[in-house]
Amino acid sequence: MRKALLLGWVLLTACSGVPAVSPHYVLVSQAGSSTVAVVDPVQGKTLQHITVGGLPHRMVVSPEGDRVYVVLVGSQAVAEVDVLTLSVRRTFLTAPVPERRPDGTVIQAHLEQDAFSQTSCFACHNPGGARPFIVGERPVGIAFSSDFARLFVSHIRQGRLSEIDLDSGQVVRAVNLPPSGSANEAADVARVNARLVVALRPRQPSTEASAVRWLDEHTWQILAEAPTGSDPAFVLPLGEGALVSNFESNTLSLHAPGASPKSFTVTPGPLGMLAVGKGKILSLNYYSNAVSLVDLDSGQVQNFRLELANKVFVNPTHAALSPDGRRVYIVSSGTEGHLVVFDLERKQVTQAIPIDGLSFDAVVVRRQ
Amino acid sequence: MRNRLWLVALIGLIGACNGGDNSGGNTAPSAPNTVVGLVTDIGSGARLSGVTVRVVGSSRTTTTDVRGEFELRGLPAGLVKLDFEKAGYAPGHGIAESADSAQTVLVALKKDGTEQSYNPTQARTLFQRTEAGPYAVIFQPNSLETTDTSLRVVVTPLDPTKEDAALPGDLVAGGASPTPLAPVTFAEFSILDSQNRRINLKPGSSAIVELPIPPELRSQYKIGDKIHCYAYNPQTGRWEDFVEGTVERSSVDGTTPVLRASIRHFSWYGGAPTVQEQECVDVTVIGPGNKPLEGAVVTARPGLRAVTNRLGQASITIQKGVPVNFVATKTYTDTFVDSRGNLIPKPGAKVIDIGKVYEDDLIGLDGQNYSRRPGPCPAESSQSVRAAATNPLPIPVAPAPEGFFEASALLLPGGAVFVLLEKGIPNADGDLEDAEPASGAQITLSDSLGNTVTLGELAPGTYIASNFNIVAGRRYSLSIDADGNGSIDGSGSAFALGNVSWSNLADGGSYSAASLTATWNDSAASQPGYSALYQVIFQRQGGSGVSDSAFYLGSELSFAPRAQTDPPTPLAPGTYTVMLNAFSGAFDGGNLDITDNITGIGMQGKIFSFQAINPITINLTP
């Protein structure tokens, strides 16, 4: 009997497509439904939806793994998700609630409803609440400070960079970055040691130049700036440098201060990137429904279509690495959403878990 | 076998004895793994024959018959993607589930835009002008996957506020928690080479497109706003490549607000944000004899799709706060409908039951009287065990009418309503040929207070509501069951004109030609949604027509008459006849264009109101 049970367990584990690794969940930001999905890759299904706010996009995990910070592009805020309880612990505004509209008129509802005391625009601008639903400066990029006590957030509108103190949940510094030519949208921010790397792009669609700017983490003084490809979307810190995905020009460019950027061509629409081993990067290529495995040392690029049993998984955006480093959880963000499991050894899709359409980012957290 | 045939014949006889009670609705056969469809013209509603239908991913093709219908059997289970092609029309696409019973695809094709030549070695902006503004595509040089330098570009605009039935596929962000997408502006882009092959962008290349925001939606979307954009992928049957577009001023005319976005693949393309405010509405699909139909597919736009349960009911997630279009279909294979409406077994035949309810036409009710709850509907598994809805929105279904119907409905303020209904075959221009009066229709008129009347047939094809007074300035909705089989084939609405009268002119009055500004009143002018056109004519008695006549056509309530001279001058002194006419409903624009505002499958028409004010005679002094 025991043998049969053991055999059954072995078979079950083998058939599940996921080996016995540290138990974990994959959290997926679902922009279309204002939620973060809690996905169990073993069961192959979404266990829970956590309502976080308007247009959840990028996510980062705290070093202890007990918190996940979710950027709410539509609610001008960051949601702090507690990994133990799988619930929103706090939200932080990433910019002040405005008193007036751009034309100078007073926003009466903000005064009457004391909007200035809220910690997310989602408290009022939610489904069924105040209109419009999408408001604010459109925060998009997120990075921890060196001491992990603060968050840096870049904003699309106004090209703003803000700094949030994690103890108080308050914005302690905010600056509208000077544009680089017509590039005035801060598409992403990352931290490389004690320097910040900001990707600046013009309002899209555009064929104008974009730039990568290096700032001192503490003073925000400009240290260096270099042109990059069209529509930079994501900055991945890599040692002393930063790898930037250029969405429109189908390249990844490796930037380092004082050196010319090195470029790698991938299939169309590189968006998210993931370090999957020493010097190896997996690029999620949105428009080509494919991933590229890039060897930064040799320059070799291998491309793989995301398909399983003749089904193509479209529009990959971001991805997360399984704790054993053998699998990648990729968000396929078409109107029919999937969390696609990509086996790095076999270099193929092994599983596809239904999630909401128009999802965006994924992180792996410990199962508590 | 012999016994079985006899049994089939007996069932047919029993059905025929039902006296028009279509009670076989739920028991008639519906072949598994079968997709049937009906293809129509989005402009006229006419059935389209000779349309090539291709099953994506296979070599299966068929062609629509003279009734615009097709049937595909023995399909593999799962999502079936179909392409539709007919010369003169933009490519159409549809999806259906190949499942336990036959499913229906309703496809409306749109006549394609004007062809423009293009040499792909050059940068170029090509555009198609419409009333909403220019639809444009901006090419970078050498961005297309061809060496042919003689290309033709066709941009087919689509205004989803009026033509959403022509949008391919489901506008839904699906997955674990489906969310409707709210269509804003769309177009189809076709690039053809000299061999008539479709050409697309090189992998990695992009173009920029600009799509006007429809006038009805401009208050919702301001310059600088971001709208999610998608391209339709015929291979997957889904809307994909979600990127953000920006509302900007058109680069063609510098004024029209357009959605400007980057495009990577030429197909259907457009903007549709996710619907944040959702409601769950209960519907019930009923066949002839008010019998609930199980297994009918109901599609809501903006909204999701659902299948009716054994009570004929379904709960569907819709967008809150906007008029929603509901379409229900139910298909029977190896069946035909006899002259009394009975479903009779017949191998190879098919019946496509269709029902449409447009909330925009439920005036006075606005759908609010029907069962609806805040938020999306619960998952399907919990729907199947839910209690019967207390007040679901009824959607009557019946076979779409054969032939083609055209209606003209006149609302006479303070008087009656007249409807002329004809049946015939539309020619290439959409006009009916060999038209005959259509008898036996069921036509109802509702007003904005919820009053409803059924029109009587005064003479063949002429319908009138007796004892029903059309009130000036009130909005009316007409529902037409053209073939009298219980399903609404077309509907439309219009305001009856208000009481229109001169404000500052009186019969026999004398006025200065140099300073005269004629003004008039319309008692309904301040009503929300009311729109009237006024025609004013000044004509000197015995005059020549140049220096002594003036015309106005527009929606203002005043007019300074000037002679038809260049530059315009005050009218010559003399005695003038002054006429004032008012129009509402199907009339549009500065040329008094008449557009169809009654729409449906197999029918089109106009509902309008007209008022001619008694002409007055005035004297103009220098």
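The values are calculated or read from the model by the stated rules, or taken from the named source; none is laboratory data. Note that the structure is predicted; figures quoted are calculated from it, not measured. All Cβ positions, even for glycine, are placed from backbone atoms using ideal geometry, and neighbour counts span all protein chains on display. SASA here: full protein model, heavy atoms, side chains in, ligands and nucleic acids out. Shrake-Rupley method; radii C 1.70, N 1.55, O 1.52, S 1.80 Å.
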Is region B:116-138 home to any residue that is closer than 30 Å to A:His49 by Cβ and assigned to a strand (DSSP E or B)? no
So B:Pro302 ticks every box in (1) of a type outside the set (A, V, I, L, M); (2) more than 23 Å from the chain's Cα centre (by Cα); (3) more than 22 Å from B:Asn485 (Cβ to Cβ) but one. Which box is left unticked? (2)
Counting only strands (runs of 3 or more DSSP E) wholly inside region B:442-493, the ones holding at least 3 residues that are open to solvent by less than 30 Å² (accessible area, probe 1.4 Å) are B:442-447, B:475-481
Out of all the residues in region B:201-239, which are acidic (Asp, Glu) and in contact with a helix residue (DSSP H, G or I) (Cβ under 7 Å, 6 or more places away or on another chain)? B:Glu216
Members of region A:124-160 found to be free of Cβ contacts under 8 Å to residues at least 24 places away in the same chain and either surrounded by 17 or more Cβ atoms within 10 Å (Cβ to Cβ) or within 30 Å of B:Lys320 (Cβ to Cβ) (or both), listed by number: A:Cys124, A:Gly128, A:Gly129, A:Ala130, A:Arg131, A:Pro132, A:Arg150
Could you identify the single residue in A:Arg201, A:Arg173 that is of a type in the set (D, E, K, R), open to solvent by 50 Å² or more (accessible area, probe 1.4 Å) and either in contact with a Gly (Cβ under 9 Å, 6 or more places away or on another chain) or at pLDDT 95 or above (or both)? A:Arg173
Say we look at region B:230-257 and pick out the residues that are away from chain A (no Cβ under 13 Å) and among the β-branched types (Val, Ile, Thr); which of these is surrounded by the fewest Cβ atoms within 10 Å (Cβ to Cβ)? B:Thr255
Can you pull out every residue in region A:295-324 that is under 13 Å from A:Leu284 (Cα atoms) and either buried (at least 21 other Cβ atoms within 10 Å of the Cβ) or within 14 Å of another protein chain (Cβ to nearest Cβ) (or both)? A:Val301, A:Asn303, A:Arg305, A:Leu306, A:Phe313, A:Val314, A:Asn315, A:Pro316, A:Thr317, A:His318, A:Ala319, A:Ala320
Show me the strands (runs of 3 or more DSSP E) found entirely inside region A:309-368 where at least 2 residues are under 21 Å from the mean Cα position of the chain (by Cα) and within 21 Å of B:Arg264 (Cβ to Cβ). A:316-321, A:327-332, A:338-343, A:359-366
Out of the residues in region A:250-263 meeting the condition of being within 14 Å of chain B (Cβ to nearest Cβ) and outside any loop (DSSP other than H, G, I, E, B), tell me which one is surrounded by the most Cβ atoms within 10 Å (Cβ to Cβ). A:Leu252
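Conditions tested, residue by residue: (1) assigned by the TED database to the domain that holds B:Gly43; (2) in contact (Cβ under 8 Å) with a residue 24 or more places away in the chain; (3) buried (at least 18 other Cβ atoms within 10 Å of the Cβ).
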| position | (1), (2), (3) |
| --- | --- |
| B:Ser98 | yes, yes, yes |
| B:Ser101 | yes, yes, yes |
| B:Arg124 | no, no, no |
| B:Ile138 | no, yes, yes |
| B:Thr149 | no, yes, no |
| B:Arg152 | no, yes, no |
| B:Gly169 | no, yes, yes |
| B:Ser177 | no, yes, yes |
| B:Pro180 | no, yes, yes |
Quick check: anything in region B:208-225 surrounded by fewer than 23 Cβ atoms within 10 Å (Cβ to Cβ), assigned by the TED database to the domain that holds B:Gly175, assigned to a strand (DSSP E or B) and touching a residue at least 40 places away in the same chain (Cβ under 8 Å)? yes
Let me spell it out: the conditions are (1) facing another protein chain (nearest Cβ under 10 Å); (2) polar (S, T, N, Q); (3) farther than 30 Å from B:Glu85 by Cα; (4) in a strand (DSSP E or B), and B:Gln276 meets all of them except one. Which number is the exception? (4)
For region B:453-467, check the following and say yes or no: at least one residue is modelled with pLDDT under 90, touching a Cys at 6+ places or on another chain (Cβ under 9 Å) and over 29 Å from B:Phe336 (Cβ atoms). no
If the requirement is being part of a loop (DSSP other than H, G, I, E, B), in contact with an Asp or Glu (Cβ under 7 Å, 6 or more places away or on another chain), within 14 Å of chain A (Cβ to nearest Cβ) and modelled with pLDDT of 90 or more, which of these qualifies: B:Pro168, B:Pro183? B:Pro183
Go through region B:72-96 and give me each residue that's closer than 13 Å to B:Ser190 by Cβ and open to solvent by less than 20 Å² (accessible area, probe 1.4 Å). B:Ala90, B:Gly92
Among residues of region A:339-365 being open to solvent by 20 Å² or more (accessible area, probe 1.4 Å) and within 14 Å of chain B (Cβ to nearest Cβ), the residue farthest from A:Val81 (Cα to Cα) is A:Ala352
Output for region A:228-249, where each listed residue is at positive phi and surrounded by fewer than 24 Cβ atoms within 10 Å (Cβ to Cβ): A:Gly239
Any idea which of B:Thr575, B:Thr565, B:Thr569, B:Thr599 is among the β-branched types (Val, Ile, Thr) and either touching a Cys at 6+ places or on another chain (Cβ under 9 Å) or under 28 Å from B:Gly45 (Cβ atoms) (or both)? B:Thr599
Given the conditions (1) closer than 26 Å to B:Thr595 by Cα; (2) in a strand (DSSP E or B), which single one is not true for B:Ser49? (2)
Among A:Ala242, A:Ala233, which is in a strand (DSSP E or B) and within 14 Å of another protein chain (Cβ to nearest Cβ)? A:Ala233
For region B:195-211, which positions are touching a Leu at 6+ places or on another chain (Cβ under 8 Å) and more than 14 Å from chain A (Cβ to nearest Cβ)? B:Arg198, B:Ile199
